[in-house]
Amino acid sequence: MTATHSDTRVLDGNRVARDIKQRIARRLEGMACRPGLAVVLLKAGAASRKYAEAKVKSCREVGMDCTVHDLSDDLRPASLHERIRALAADPAVHGLFIEHPLPAEVDPIELYAQIPADKDVEGISHQNLGRLLLGAPNMVASTAAACMAILDFYEVPLAGRKAVVVGRSNIVGKPLAVLLLARDATVTVCHSRTADLAAETRQADVLLVSIGQTRHIGPGHVREGAYVVDVGINFEQGRMVGDVDYHGVLDKVAGITPVPGGVGPVTTAMLLSNLVETASRQSGMRGTVC
């Protein structure tokens, strides 16, 4: 690892993603099937399509298939659920991913209940989140898994350390807290009702932020020598920025993920890793986990 600013290390997500994809490629060499991902759009917008096309590109780069299905024309629960179940039943679809954010009228719990646990490559169905909570994970939530992959790649110690998670979503905050607990970290979860956020975050050896507020976490929130993982994706004057004031905290921390180039590419890589696992199980060819 190379220092890029004083003694601060940038936790380069692109580097971590390349490592994961190399392992995926090696595993694919021994598989008889070609894994296939179905990406579902429920909001007809440029941003959702851009993210979906990025997944198509990533799949093709490692030799997997990906198709995009726009189901935004009919969001009535009965119709939508039937179409999701039909996709999930297709033997060529080894994994199913639904682009976020979801339309307000769509119930996420009912929606994800239509996806079999072994095809839920995002790892956020109630079956997969429940197994994670019970310590018997099946598909691990891809964004939370990406955060852990970055910490592991850069050998950030967790056992006995204080980890603070800012954000309590079902997609990131909650599964991330469970994964950290499983690694023997002492975990605090903060949220919009936390009385003194800075007082909590300044205690963190490892601070993980997913609140969707541009540069909300500044120097006053971070203690010297902490590691910071910024999950946020916000846009400011056309530029992607995180939930952390990256340049403001850079000189204080031992390591920090940039935005872009941090958690994002690793999340995609973990999604592909989950896809390989689902395809392996469905083809009856279990192997080592990517």
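The values are calculated or read from the model by the stated rules, or taken from the named source; none is laboratory data. The structure presented is a predicted model; accordingly, all values stated were derived computationally and were not measured. So basically every Cβ, Gly included, is an ideal-geometry build from the backbone, and we count neighbours across all protein chains shown.
Just for the stretch 244-258: of the residues that are in contact (Cβ under 8 Å) with a residue 40 or more places away in the chain and among the hydrophobic types (A, V, I, L, M, F, W, C), which one is surrounded by the most Cβ atoms within 10 Å (Cβ to Cβ)?
Only one residue fits best here, namely Ile256.
Suppose the filter is in a loop (DSSP other than H, G, I, E, B) and out of contact with any strand residue (DSSP E or B) (no Cβ under 9 Å at 6 or more places or on another chain); does Asn170 pass it? Can you show your working first?
On the way: in a loop (DSSP other than H, G, I, E, B): yes; out of contact with any strand residue (DSSP E or B) (no Cβ under 9 Å at 6 or more places or on another chain): yes.
So Asn170 passes the test.
So if I check each of Val93, Val62, which one is surrounded by 15 or more Cβ atoms within 10 Å (Cβ to Cβ), within 20 Å of the chain's Cα centre (by Cα), on the phi < 0 side of the Ramachandran plot and not assigned by TED's automatic domain parsing to the domain that holds Glu155? Walk me through it before giving the result.
On the way: Val93 fails: within 20 Å of the chain's Cα centre (by Cα).
The conditions single out Val62.
Kindly evaluate Ile109 against the criterion of being touching a Ser or Thr at 6+ places or on another chain (Cβ under 6 Å) and either farther than 19 Å from Ser283 by Cα or not in a strand (DSSP E or B) (or both). Please lay out each step first, then the result.
Values: touching a Ser or Thr at 6+ places or on another chain (Cβ under 6 Å): no; either farther than 19 Å from Ser283 by Cα or not in a strand (DSSP E or B) (or both): yes.
So Ile109 does not fit the description; no.
Under the condition of being in a loop (DSSP other than H, G, I, E, B) and over 21 Å from Glu224 (Cβ atoms), which residue from the stretch 3-29 is modelled with the lowest pLDDT? I'd like the intermediate steps shown before the answer.
Let us first name the residues in the stretch 3-29 that are in a loop (DSSP other than H, G, I, E, B), namely 3-4, 6-7, 11-12, 29.
Subset that is over 21 Å from Glu224 (Cβ atoms): 12, 29.
Numbers: Asp12: 97, Glu29: 90.
My answer is Glu29.
If a residue has to be under 14 Å from Pro77 (Cβ atoms) and in contact with a Lys or Arg (Cβ under 8 Å, 6 or more places away or on another chain) to count, how many in the stretch 96-130 make the cut?
Result for the stretch 96-130: 3.
Return the residue satisfying two criteria in turn: it lies in the stretch 112-137 and is touching a Leu at 6+ places or on another chain (Cβ under 8 Å) and part of a loop (DSSP other than H, G, I, E, B), and of such residues it is surrounded by the most Cβ atoms within 10 Å (Cβ to Cβ). Steps first, please.
Pass one, the stretch 112-137, residues touching a Leu at 6+ places or on another chain (Cβ under 8 Å): 115, 119-123, 132.
From what's left, part of a loop (DSSP other than H, G, I, E, B): 115, 121-123.
Working: Ile115: 25, Val121: 27, Glu122: 24, Gly123: 25.
Across the stretch 112-137, the extreme among qualifying residues is Val121.
Examine the stretch 196-204 for a residue that is surrounded by fewer than 16 Cβ atoms within 10 Å (Cβ to Cβ), of a type outside the set (A, V, I, L, M) and over 14 Å from the mean Cα position of the chain (by Cα), and state whether such a residue exists. Write out each step before concluding.
Kept after step one, since they are surrounded by fewer than 16 Cβ atoms within 10 Å (Cβ to Cβ), are these residues of the stretch 196-204: 196, 198-199, 203.
Those left that are additionally of a type outside the set (A, V, I, L, M): 196, 203.
Now drop any that are not over 14 Å from the mean Cα position of the chain (by Cα), which leaves 196, 203.
Yes, the stretch 196-204 contains a residue that is surrounded by fewer than 16 Cβ atoms within 10 Å (Cβ to Cβ), of a type outside the set (A, V, I, L, M) and over 14 Å from the mean Cα position of the chain (by Cα).
Is it the case, given these coordinates, that Ala279 is small (Gly, Ala, Ser), more than 22 Å from Tyr154 (Cβ to Cβ) and crowded, with 17+ Cβ neighbours inside 10 Å? Spell out how you get there, then give the answer.
Working: small (Gly, Ala, Ser): yes; more than 22 Å from Tyr154 (Cβ to Cβ): yes; crowded, with 17+ Cβ neighbours inside 10 Å: yes.
Considered against the rule, which asks whether it is small (Gly, Ala, Ser), more than 22 Å from Tyr154 (Cβ to Cβ) and crowded, with 17+ Cβ neighbours inside 10 Å, Ala279 comes out as yes.
Test each condition in (1) small (Gly, Ala, Ser); (2) under 30 Å from Glu82 (Cβ atoms); (3) assigned to a helix (DSSP H, G or I) for Ala177 and report the one that comes out false.
Every listed condition holds for Ala177 apart from (2).
Given the condition at pLDDT below 95 and either surrounded by fewer than 24 Cβ atoms within 10 Å (Cβ to Cβ) or in the same structural domain as Ile171 (by TED's automatic domain parsing) (or both), answer yes or no: does some residue in the stretch 267-276 qualify?
Of the stretch 267-276, the ones at pLDDT below 95 are none.
Checking the stretch 267-276: not a single residue is at pLDDT below 95 and either surrounded by fewer than 24 Cβ atoms within 10 Å (Cβ to Cβ) or in the same structural domain as Ile171 (by TED's automatic domain parsing) (or both).
Of everything in the stretch 41-55 that's more than 17 Å from the chain's Cα centre (by Cα) and touching a residue at least 24 places away in the same chain (Cβ under 8 Å), which residue is surrounded by the most Cβ atoms within 10 Å (Cβ to Cβ)?
Among residues in the stretch 41-55 that are more than 17 Å from the chain's Cα centre (by Cα) and touching a residue at least 24 places away in the same chain (Cβ under 8 Å), the one surrounded by the most Cβ atoms within 10 Å (Cβ to Cβ) is Leu42.
When Gly225 is evaluated against the numbered criteria (1) closer than 15 Å to Met148 by Cβ; (2) surrounded by fewer than 18 Cβ atoms within 10 Å (Cβ to Cβ); (3) modelled with pLDDT of 95 or more; (4) out of contact with any strand residue (DSSP E or B) (no Cβ under 8 Å at 6 or more places or on another chain), which criterion, by number, is the only one it fails?
Just one mismatch for Gly225, condition (1).
How many residues does the stretch 110-166 hold that are small (Gly, Ala, Ser) and either under 21 Å from Pro265 (Cβ atoms) or in contact with a His (Cβ under 8 Å, 6 or more places away or on another chain) (or both)?
Initial filter on the stretch 110-166 (small (Gly, Ala, Ser)): 113, 117, 123, 125, 130, 135-136, 141-142, 144-146, 149, 159-160, 163.
Among the residues that remain, those that are also either under 21 Å from Pro265 (Cβ atoms) or in contact with a His (Cβ under 8 Å, 6 or more places away or on another chain) (or both) are: 113, 123, 141-142, 144-146, 149.
Number satisfying all stated conditions: 8.
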